[in-house]
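S.K.: Okay, handing you the structure first.
Coordinate-derived values only; no laboratory data. For clarity, every value in this text was computed on a predicted model and none was experimentally measured. Here the Cβ positions follow ideal geometry from the backbone for every residue, glycine too, while neighbour counts run over all protein chains shown.
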Amino acid sequence: MTAAPGWAGADQIAVREAVEAYVHGGPGDGATVRANVAAWESLPLRPRVLRDVTHVDTAIDLLGLRAPVPLLAAPWAGHQLVHPDGEVASAKGLASAGLPMVQSAGSSVPVADVAAHSGPFWQQVYVPDDRTLIHGFLDRAVAAGATALVLTVDHPAVGNTLPFRAGLARLAPSDGRPRVAANFPDVAPGTPLGTATDLGPRDVERLAARTGLPVVVKGVLRADDARTAVAAGAAAVVVSNHGGRQLAGSVTTAHALPEVVDAVGGRVPVLVDGGIRRGEDVVRALALGARAVLAGRPVARALADGGADGVERWARETIEDVRRALVLCGAPTLDSVGRDLVGDFLGSPVTAYPGER
């Protein structure tokens with residue numbers, strides 16, 4: 001992985017090491033990051049046979065976004081850390097393959113510049129203690145074409161002992177000036193923009209009222225929190241443990257997903273991220289009730305390795321991987337996916353099925 005030029009305070013090897021830690025790191029020894037991946041892999045698929053898979057339709061429409069498979073690029077900050085063109089390269093590659101992206105509030109490129117290449121997108125947002133600090137950013141996101149906001153709710157403090165934070169703190173722009181957040185030119189450098197410690201259900205209502213956009217609540221792992229989010233007006237819920245980057249020992253998203261899906265009861269779509277690496281993982285998530293999945297680290301790796309072309313290549317290969325996995329499971333349409341396609345984490349059926357489709 002290469003790092004974007006223009007940094008001082010460490011040699012290039014140290015820069016690369018810090019960036020690698022940023023992309024792949026997690027709290028403690030990173031066990032929760034690894035557990036997310038392992039949980040999906042340990043969930044056995046139960047493929048159907050003797051099913052007509054001649055016609056395949058895996059496209060999805062969701063809150064203003066359309067994708068050829070139920071997959072979105074997850075938000076992660078600072079794409080320029082791994083490629084000089086940053087989020088613009090990611091947007092170009094994803095758009096070429098037809099995959100939508102969720103832009104991060106911590107983008108290294110202003111939202112409008114990314115949106116010029118991405119097409120419709122969802123905008124991730126943190127709500128700080130001073131809510132007025134993000135008003136200008138929200139207005140710019142709406143003007144740039146955001147079709148929904150994604151409120152991250154699992155970040156009341158920084159995940160513990162993340163090694164990349166110390167490394168990145170030593171890096172500064174080569175001209176010596178304070179780093180300015182690209183999406184917050186109207187906020188003084190260094191102003192805290194992290195999650196408010198009193199974040200609550202009313203913030204879902206405030207964001208919707210301020211922007212007129214549906215609000216997706218991201219970072220839910222429990223049934224009671226899912227019900228709270230829906231009651232507050234969430235248009236969708238994302239089952240997420242922040243890619244294993246926050247609380248060490250957190251439940252994996254694969255384990256949490258069925259509980260949240262059952263609690264929501266179909267009132268709003270449920271999405272999931274964390275450890276999604278292959279088409280089979282997408283099928284597993286859909287079988288457990290997710291409407292779509294988000295992937296972050298694979299996009300980071302593709303961007304680092306090949307810029308916009310690398311992201312496009314990953315996106316096209318993953319789209320085909322998802323379609324192929326669905327066909328091999330005897331489920332050529334999203335409506336034909338059900339819990340009968342997966343066993344539990346010990347290999348038994350997940351539940352008593354009302355009937356196979």
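S.K.: Rounded if a/c is under 1.5, else prolate if a/b beats b/c, else oblate: with a ≥ b ≥ c from the C-alpha gyration tensor eigenvalues square-rooted, which is the stretch 190-265?
M.R.: Oblate.
S.K.: Express in nm, to one decimal, how much length is gained between Asp29 and Arg277 on full extension, taking 0.36 nm for each residue of separation and deducting their alpha carbon distance.
M.R.: Full extension of this stretch gives 87.2 nm more.
S.K.: What is the set of long-range amide H partners of Asp344 at a cut-off below 5 Å, with H atoms built 1.01 Å from backbone N?
M.R.: Val350
S.K.: Label points 7 Å out from Cα along the Cβ direction at Ala59 and Glu41: separation in nm?
M.R.: Simple spin-label model gives 3.5 nm for this pair.
S.K.: Next question, about the same structure. What net charge do the residues around Val272 carry, taking every other residue with its C-beta under 11 Å from that of Val272, with Lys and Arg at +1 and Asp and Glu at -1?
M.R.: +1
S.K.: Quick one: net charge of Val23's neighbours, Cβ under 10 Å, K/R +1, D/E -1?
M.R.: Its environment carries a net charge of +1.
S.K.: Using packing as a proxy for protection, rank 319-328, 234-243, 184-193 so that the peptide with the highest average count of other Cβ atoms within 10 Å comes first.
M.R.: 234-243, 319-328, 184-193
S.K.: Classify the chain: rounded, prolate or oblate, from the alpha-carbon gyration tensor (a ≥ b ≥ c, eigenvalue square roots; a/c under 1.5 rounded; otherwise prolate if a/b is larger than b/c)?
M.R.: Here the chain falls in the prolate category.
S.K.: How far apart, in nm, are two points set 7 Å out from the Cα along the Cα-to-Cβ line at Asp224 and at Arg316?
M.R.: Modelled inter-label distance: 5.0 nm.
S.K.: Let me ask something else. Under the classification rounded if a/c is under 1.5, otherwise prolate if a/b is larger than b/c and oblate if not, where does the stretch 208-351 fall, given a ≥ b ≥ c as square roots of the Cα gyration tensor eigenvalues?
M.R.: It comes out oblate by the Cα gyration axes.
S.K.: A further question on this structure: Between Asp262 and Asp139, how high is the FRET efficiency from 1/(1 + (r/R0)^6) when r is the Cβ-Cβ distance and R₀ = 56 Å? Nearest 0.05.
M.R.: 0.90
S.K.: Continuing with this model, one more query. Taking 0.36 nm per intervening residue step and subtracting the Cα-Cα distance, what contour gain separates Ala231 from Thr191 on full extension?
M.R.: Answer, rounded to one decimal: 11.2 nm.
S.K.: Okay, moving on. Put a dot 7 Å past each Cα toward the Cβ at Arg206 and Leu50; how far apart are the dots in nm?
M.R.: Taking the simple label geometry, Leu50 and Arg206 are separated by 5.9 nm.
S.K.: Could you order peptides 58-67, 255-264, 273-282 by the average number of other Cβ atoms within 10 Å of their residues, highest first?
M.R.: 273-282, 255-264, 58-67
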